[in-house]
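**Q** Provided herewith is a single structure, encoded as structure tokens, for subsequent inquiry.
The values are calculated or read from the model by the stated rules, or taken from the named source; none is laboratory data. It should be emphasised that the depicted structure is a prediction, and the values quoted were computed from it without experimental measurement. No Cβ is skipped: glycine too gets one built from the backbone with ideal geometry, and neighbour counts run over all protein chains shown.
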Amino acid sequence: MARTAWIEMLFPPLVALLVALVAGDLLILAYGQNPAAVWHLLVDGTWGNFYGIGQVLYKATTLCFTGLSVAIALRAGLFNVGAEGQLAAGGFGAGLAGLLLPATMPWFFAFMLMFLAAALCGSAVAAVPGVLKARFGAHEVIATIMMNFMVLALLNYLVAAHLHTPETLHTQSIASGLVPRLSVLLPVFHGSAANWLIVLAILAALLVGVVLFASRFGFELRAVGLQVGAAENAGISVGSTWIRAMLLAGALAGLGGLNFVLGYKGFYEDGFAGGAGFLGIAVALVGRNHPLGVVISALCFATLSQGGLAIHALVPKQMVEVLQALVILAVAMAVPEVRTRLARSVRGKP
């Protein structure tokens, strides 16, 4: 990537973060606290100790998957607001597959089967709005939002009515295929939820980069996202590209469910997504829909999320949510293509 391209990609997010920091200072002053003390507490509670680093890496793992999911769809000109449902479906698929597999199955085969289950379930949820968009012109924002409600309600019913353990809203524990935590080989991370799926998240970002910038499908996907009419004139099947983009986006979001189910708790729990799918939209926008940008953005939002717990002694942790919203708004105003895509989405045009 040329130097000017790097500057164009990094400048708007940096401006957005600067705006958020200034606004954060004003909010902290409004609460009668010293901004320097609050920011010091935030940094110390995240990157100042290995437990905080581990928690940031754990949260960034899920956000990386959901951010990549949204970024892939945006590259194709689609606004995937359904990563929350796709994430939950992927976690449920992995958890259900884990319950059905025998405890004696070797770790590698058990993990791969749950990996495939998570990806397939996420893709299945994303396929519905993808097909509706390609075949009938249904707006993907409306379709993905509706799928969120339907999928989350269905999973809640299945767990509460059939799969939960007594007095809980989670399934039984999985016996095989669990991913070890970083603390197994790196004891300094003891107590944190960080696990080796962070490596899978990085590999996913690399693979998405290869698909986007070094494959025919990636070229077609970007061409459709830039100009549908020109892509059609060039012989690209727009509908097919939209469907494949949503399938890939759903698979990526679904794989994010592995972080909780296999890397942390060892079972599927209703509501585990906790807004990580929706936050993936912010991660993709701040990361400029570039795989490397998404990884960096995921780390930033994970730091803010974990930092909200660290600064709760001085200011309300909800202040971090306000900062996240300010970052999103600043990026939307600073990046021309984001403004254009949002405007098209509101008008209902591709």
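**Q** Residues to consider are A175, A193; find the one that is at pLDDT below 95 and either surrounded by 15 or more Cβ atoms within 10 Å (Cβ to Cβ) or assigned to a loop (DSSP other than H, G, I, E, B) (or both).
**A** Only one candidate passes the filter, namely A175.
**Q** Consider S297 against the criteria (1) closer than 20 Å to L212 by Cβ; (2) modelled with pLDDT under 90; (3) of a type in the set (S, T, Y): it satisfies all of them except one. Which criterion is unmet?
**A** In the conditions (1) closer than 20 Å to L212 by Cβ; (2) modelled with pLDDT under 90; (3) of a type in the set (S, T, Y), S297 misses (2) alone.
**Q** Could you tell me which of the residues A194, A161, A134, A153 is touching a residue at least 12 places away in the same chain (Cβ under 8 Å) and more than 22 Å from Y58 (Cβ to Cβ)?
**A** Result: A134 is the single residue among A194, A161, A134, A153 that is touching a residue at least 12 places away in the same chain (Cβ under 8 Å) and more than 22 Å from Y58 (Cβ to Cβ).
**Q** Anything in segment 164-185 that is closer than 30 Å to F50 by Cβ and in contact (Cβ under 8 Å) with a residue 24 or more places away in the chain? List them, or say none.
**A** Once the filter is applied, which keeps residues that are closer than 30 Å to F50 by Cβ and in contact (Cβ under 8 Å) with a residue 24 or more places away in the chain, segment 164-185 yields H170, S173, I174, A175, S176, G177, L178, V179, R181, L182, S183.
**Q** Hey, another quick one. So which residues in segment 217-240 are of a type in the set (A, V, I, L, M, F, W, C), buried (at least 17 other Cβ atoms within 10 Å of the Cβ) and within 18 Å of A71 (Cα to Cα), if there are any at all?
**A** Within segment 217-240, L221, A223, V224, V228, V238 meet the criteria.
**Q** On to the next question. In segment 19-34, is there at least one residue being part of a helix (DSSP H, G or I), modelled with pLDDT under 80 and either over 27 Å from G82 (Cβ atoms) or β-branched (V, I, T) (or both)?
**A** yes
**Q** Out of all the residues in segment 196-208, is one or more closer than 28 Å to M105 by Cβ, aliphatic (A, V, I, L, M) and assigned to a loop (DSSP other than H, G, I, E, B)?
**A** no
**Q** Here's a follow-up. When you look at V43, is it over 17 Å from the mean Cα position of the chain (by Cα), aliphatic (A, V, I, L, M) and within 30 Å of V320 (Cα to Cα), yes or no?
**A** Here the answer is yes, as V43 does meet what is asked.
**Q** Return a yes/no flag: does segment 72-90 have any residue that is surrounded by fewer than 23 Cβ atoms within 10 Å (Cβ to Cβ), of a type outside the set (S, T, Y) and more than 27 Å from V228 (Cβ to Cβ).
**A** no
**Q** Test L255 against the stated conditions and say whether it is under 30 Å from A160 (Cβ atoms) and either modelled with pLDDT of 95 or more or aromatic (F, W, Y) (or both).
**A** So L255 passes the test.
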